[in-house]
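A short worksheet on the structure shown next.
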Amino acid sequence: MPETSPVLESILSRAAQAGKRIALPDSGDPRSIEAAHIALERGICRPVLVVGSDGGSANNNQALESVSAADLPGFDDLARRLHDKRKHKGLTEAQARTLAAEPLYLAGLMLDAGLVDGCVAGSLSTTADVLRAGIHTVGLAPGLSTVSSFFLMLAPDYTLAFADSGVVPDPDARQMADISIATCANYERLTGQKAYAALLAFSTLGSAEHASLHKIRACLELLRSEQPELTVDGELQFDAAFVPAVAQRKAPDSPVAGRANVFIFPDLNSGNIAYKIAERLGGLQAIGPNVQGLKKPYLDLSRGCSAGDIVVSMALASIMAD
């Protein structure tokens with residue numbers, strides 16, 4: 001298991017209380033099996049190994065639940081569900097049945113049908129394959145048109161969220177707004193703390209002018225018109241967003257400056273670089289990237305993840321399911 005913080009301990013404890021069923025499509029990976037054992041033994045969730053048509057799984061312990069297309073009573077209904085979702089894209093019934101038997105799709109269809117509460121994949125599968133399966137089976141969350149990701153950045157005495165640091169290379173204003181909405185909701189859901197979101201840039205509230213700032217200002221307009229309950233401001237430099245003394249000088253009237261805990265980056269370059277610097281130089285613990293924007297939690301993993309990382313993602317999925 002990764003080193004724990006009070007927030008992470010709370011997440012693991014809340015997941016245990018929730019008792020959710022979490023599907024693991026990469027069941028052929030020994031790390032998934034180890035994570036399933038840990039989650040089961042610690043009562044963090046009820047893991048479900050999703051096995052391919054070849055029966056490939058490293059599971060030799062009958063204590064772990066496993067399913068496949070061949071032994072799932074409702075498989076025909078799930079295959080029809082996939083066909084209904086994708087027939088407008090030319091997917092035939094036969095193709096839908098074949099695709100539905102693949103673990104990534106079978107897990108997603110089970111999630112869509114309420115047979116499990118969340119999915120965690122990516123230790124063997126590529127991010128592109130995981131996202132594709134999630135979009136095709138679960139679909140986008142109501143009101144959102146962007147699938148993105150966020151990192152929880154854990155320090156001993158505070159927790160931040162960084163987004164998007166893993167999926168969307170160059171979001172436009174609409175995508176930035178979707179990323180902001182989803183990240184604030186997940187930050188509050190996972191930490192129990194109110195989200196204060198900063199739209200980051202090299203400028204603070206018009207202190208500079210450049211074409212790259214236009215989308216950030218347009219994003220803020222969208223958020224203020226569509227989500228007036230969100231506490232968000234921008235554009236803000238990081239120091240103005242995070243450091244109260246700097247905020248007092250640069251943005252004294254901002255509702256976010258000096259207290260931000262959700263940081264929305266203008267592009268994937270800056271978001272990815274920032275989380276790695278915070279992790280490697282600042283010593284923060286990075287949990288993610290955690291996929292968001294789907295109707296139900298279908299989380300992706302780094303293929304270099306540990307069994308402990310998988311357990312944490314299962315806990316996150318359990319809480320995001322609520």
Computed FRET efficiency, Cβ-Cβ of E34 and I277, R0 35 Å: what is it to the nearest 0.05? 0.70
Least to most buried among C219, C119 (fewest other Cβ within 10 Å first): C219, C119
Applying a 10 Å radius around every beta-carbon, put 312-322, 6-16, 128-138 in order of their mean neighbour count, most first. 312-322, 128-138, 6-16
Please sort by residue number the GluC sites (Glu not before Pro) in segment 199-233 whose DSSP state is loop and whose Cβ has at most 16 other Cβ atoms within 10 Å. E209, E229
Helix by helix, which DSSP H runs in the chain go 24 Å or more along their axis at the Cα atoms and have an average Kyte-Doolittle hydropathy of 1.6 or more? none
Exposure proxy order (Cβ contacts within 10 Å, fewest to most) of I277, I310, I38: I277, I38, I310
Euclidean distance between Cα centres, segment 254-280 to segment 10-33, Å: 28 Å
May I ask you to evaluate 6.51 cos²θ - 1.76 cosθ + 1.60, the Karplus curve with θ = phi - 60°, for each residue of segment 238-253 and list the ³J(HN,Hα) values in order in whole Hz, giving x for glycine and proline? 4, 5, 5, 6, 10, 9, x, 5, 5, 4, 4, 7, 8, 8, x, 9
Just add up the charged neighbours of L205: K/R +1, D/E -1, any other residue whose Cβ is under 11 Å from the Cβ of L205. -1
For the residues R21, R280, what sequence is obtained by ranking on other C-beta atoms within 10 Å, fewest first? R280, R21
Whole-Å distance, taken between Cα centres, linking segment 174-216 and segment 85-116: 34 Å
Amide H to amide H, which residues 5 or more places from A161 or on other chains are under 5 Å from it, using H placed in the peptide plane? M153, V262, F263
What are the ³J(HN,Hα) couplings of segment 193-202, residue after residue, when phi is run through the Karplus curve with 6.51, -1.76, 1.60 and θ = phi - 60°? Round to Hz, x for glycine and proline. 10, 5, 8, 10, 9, 10, 8, 7, 6, 8
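Where a number appears in this text, it was derived from the coordinates with a stated rule and is not lab data. All figures in this text were calculated on a predicted structure; none of them were measured in a lab. Virtual Cβ from ideal backbone geometry, glycine too; neighbours counted across all protein chains shown.
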